[in-house]
1. Taking 37 °C and 0.692 mPa s as the conditions, I'd like the Stokes-Einstein D for the chain in µm²/s, using the Kirkwood hydrodynamic radius from alpha carbon pairs.
2. In a Gaussian network model over the chain where Cα atoms closer than 10 Å are linked, find which of A84, A182, A223 has the largest mean-square fluctuation.
3. At 1.4 Å probe size, with the rest of the protein present, what percent of the exposed accessible area of the chain is carbon and sulfur atoms?
4. Would you please give the residues with an amide H less than 5 Å from that of D183, counting only those at least 5 places away or on a separate chain, with H modeled from the backbone geometry?
5. Leaving ligands, DNA and RNA out of it, rank T176, T224 by accessible area with a 1.4 Å probe, largest first.
6. Counting DSSP beta bridges with both partners in the chain, what percentage is antiparallel, nearest 5?
7. Taking a ≥ b ≥ c as the square roots of the eigenvalues of the Cα gyration tensor of segment 150-190, is the shape rounded (a/c under 1.5), prolate (a/b larger than b/c) or oblate?
8. Taking amide H positions as placed 1.01 Å from N in the peptide plane, with prolines and chain starts having none, which residues 5 or more places from L143, or on another chain, fall under 5 Å of its amide H?
Amino acid sequence: MESQREEVVVAYYADLLSRRGSQGPDDLESLDEFERELVGLWLESCGLPEATAAGRSTAPLRQALAWLARSRGLGRPAVEWFVAVCFREVAAYLRDPVREQVRSRVAEALAKQRPTVVIAHSLGSVVAYETLWAHPELQVDLLVTLGSPLALPHAVFPRLQPAPVEKKGRRPPNVTRWVNIADPGDLVAIPPGGVRDGFLGVQELEGQPIHAFDFHKAVNYLATPQLRDVLDAQGT
């Protein structure tokens with residue numbers, strides 16, 4: 001008897017996050033004022049005292065990222081590139097009308113596919129969270145968030161739609177079960193335990209290292225036994 005194969009569909013919206021008319025490199029010099037503000041807020045959450053990314057000069061920002069790279073045993077060029085790419089996309093999503101365009105595209109994909117399980121990684125977890133709140137008609141049995149910045153103080157958490165109530169977010173009412181998985185060393189999924197502590201109705205699995213260096217990559221999260229066990233328990 002052949003085992004049933006599950007269909008996997010990816011909701012694509014990266015084109016909506018691209019800066020209009022920009023052909024520049026993904027480096028710190030290319031960050032605009034809002035993007036640099038978000039990086040500064042993130043650095044504060046990483047434990048850097050009096051982190052600042054203000055002004056036109058990237059020198060303070062480079063110094064802060066150099067500190068972060070040293071403290072985590074990471075390569076500085078890789079950290080700078082990661083920050084430039086990551087926060088450009090986060091800032092792009094938080095701006096209107098891109099936010100609504102992204103959520104509409106994801107909602108269309110969910111309405112067409114009617115999945116029982118939604119897996120959302122990184123910024124995608126913010127998109128999925130807001131989309132499911134905005135579209136109560138979309139019923140999901142299981143939402144799995146991976147390496148999520150949903151609880152990131154100042155930069156993401158207070159900007160969520162809907163806004164947290166009494167400093168707490170909530171599981172979307174159309175989601176039966178929500179499970180969060182985060183590498184304890186993931187620089188995006190901070191503060192550690194933040195999703196568990198900042199949201200009602202979410203189960204956060206015991207923190208387990210995902211990868212020594214590429215701790216935020218989706219492919220590494222998707223290969224974890226934690227995710228496999230959650231899907232097996234769901235019958236997927």
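The values are calculated or read from the model by the stated rules, or taken from the named source; none is laboratory data. None of the values given here were measured: they were computed from a predicted structure. Quick reminder, even Gly has a Cβ in these numbers, built from the backbone with ideal geometry, and neighbours come from all protein chains shown. To get the accessible areas, we keep the full protein, side chains included, count just its heavy atoms, and leave off ligands, DNA and RNA. Shrake-Rupley method; radii C 1.70, N 1.55, O 1.52, S 1.80 Å.
1. The calculation lands on 177 µm²/s.
2. A223
3. That share works out to 53 percent.
4. Counting only residues 5 or more places away or on other chains, the set is G147.
5. Highest to lowest solvent-accessible surface, that is T176, T224.
6. Taking every DSSP beta bridge with both residues in the chain, the antiparallel ones total about 5 percent.
7. Verdict is oblate for segment 150-190.
8. The answer is V118, R177, W178, V179.
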